[in-house]
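The values are calculated or read from the model by the stated rules, or taken from the named source; none is laboratory data. All values derive from a computational prediction rather than experimental measurement. Please note: Cβ atoms are built from the backbone with ideal geometry, for glycine as well, and neighbour counts cover all protein chains shown.
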């Protein structure tokens, strides 16, 4: 997003759009290492961790690195059945 000089930035609590997805606000929790994916598997604990941020009002939360296929693995132990 580019703003013209002197144009105020949007309110972070106002809705924002990424493509055709509308977020309730512009607050994004960045991906971090949560240590909740033993052997590279998604766990209920990881899901609850991110759900708690969503319930708290974050507009979007992103998950740390996880492969969705064997070819996407960076190293052994990442998921990617």
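Cβ-Cβ under 7 Å, sequence separation 6+ or interchain: first residue in the range 14-33 and at positive phi and at pLDDT below 95, partner part of a loop (DSSP other than H, G, I, E, B) and surrounded by 12 or more Cβ atoms within 10 Å (Cβ to Cβ). Which pairs?
none
Do you know which residues across the range 30-49 are over 23 Å from residue 74 (Cα atoms) and surrounded by 13 or more Cβ atoms within 10 Å (Cβ to Cβ)?
Matches in the range 30-49: 49 only.
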